[in-house]
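K.L.:
My questions will all concern the structure given below.
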Amino acid sequence: MHEFSIAESILEAVRKELVSHPGARPTRVGLRIGELAAVDVDSLSFCFESVVRGTEWEGLQLDAQVCPQRRICNDCGKEFAVVEYNASCPMCAGCNTTLSSGDELDFDYLEVETGGTPAIEVKGAE
């Protein structure tokens with residue numbers, strides 16, 4: 001189950017980002033997970049809860065957004081969503097396509113509270 005190591009990596013990324021925000025408490029971390037990334041979101045959520053349980057960040061919420069597979073036709077330039085694993089271009093029926101999204105596993109944002117103030121969002125946290 002590689003989701004456990006991904007959950008640990010997420011927590012490490014949160015730790016690194018918090019160095020830039022002394023005194024902040026993380027409340028929510030957002031991920032973008034492509035449908036081709038071979039990550040089971042339910043398993044990842046379960047593993048993440050296990051990783052933060054009993055730590056100072058117990059209660060930190062994981063928000064995982066699943067991103068559909070999208071391709072670009074190299075013949076006509078049309079970008080399209082792949083439906084039922086059909087990677088042919090719906091515009092010209094060409095098969096010369098390139099993946100444009102759907103395999104990502106990205107740390108999208110981190111919400112933090114500072115000094116009891118409402119959560120602020122740190123976009124593109126790494």
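The values are calculated or read from the model by the stated rules, or taken from the named source; none is laboratory data. Just so you know, these numbers come straight off a predicted model, no measurement behind them. Counting neighbours? That spans all protein chains shown, and the Cβs are built from the backbone with ideal geometry, glycine included.
K.L.:
With in contact (Cβ under 8 Å) with a residue 12 or more places away in the chain, over 20 Å from Glu111 (Cα atoms) and surrounded by 12 or more Cβ atoms within 10 Å (Cβ to Cβ) as the only criterion, which of Asp40, Asp63 stands out?
P.N.:
Asp40
K.L.:
Inspect the stretch 7-20 for any residue being surrounded by 15 or more Cβ atoms within 10 Å (Cβ to Cβ) and in a loop (DSSP other than H, G, I, E, B) and give the result as yes or no.
P.N.:
no
K.L.:
Checking the condition over 16 Å from the mean Cα position of the chain (by Cα) and at pLDDT 95 or above, which residue from Cys89, Cys47 passes?
P.N.:
Within the list Cys89, Cys47, the selection yields Cys89.
K.L.:
Could you tell me whether any residue of the stretch 97-108 is of a type outside the set (D, E, K, R), modelled with pLDDT under 95, outside any loop (DSSP other than H, G, I, E, B) and closer than 15 Å to Ile10 by Cβ?
P.N.:
There is at least one residue in the stretch 97-108 that is of a type outside the set (D, E, K, R), modelled with pLDDT under 95, outside any loop (DSSP other than H, G, I, E, B) and closer than 15 Å to Ile10 by Cβ.
K.L.:
Then there's this: Please determine whether any residue of the stretch 66-75 is more than 16 Å from the chain's Cα centre (by Cα) and either in contact (Cβ under 8 Å) with a residue 40 or more places away in the chain or in a loop (DSSP other than H, G, I, E, B) (or both).
P.N.:
Yes.
K.L.:
If you check Ala37, Ala7, which single one turns out to be of a type in the set (A, V, I, L, M) and over 28 Å from Glu84 (Cα atoms)? Step through it out loud before you land on a result.
P.N.:
Working: Ala37 fails: over 28 Å from Glu84 (Cα atoms).
Going through Ala37, Ala7 in turn, just one is of a type in the set (A, V, I, L, M) and over 28 Å from Glu84 (Cα atoms): Ala7.
K.L.:
What number of residues in the stretch 24-38 are assigned to a loop (DSSP other than H, G, I, E, B) and under 10 Å from Val66 (Cα atoms)?
P.N.:
To start, the set of residues in the stretch 24-38 that are assigned to a loop (DSSP other than H, G, I, E, B) comprises 35-38.
Now narrow it down to the ones that are under 10 Å from Val66 (Cα atoms): 35-37.
Residues in the stretch 24-38 being assigned to a loop (DSSP other than H, G, I, E, B) and under 10 Å from Val66 (Cα atoms): 3 in total.
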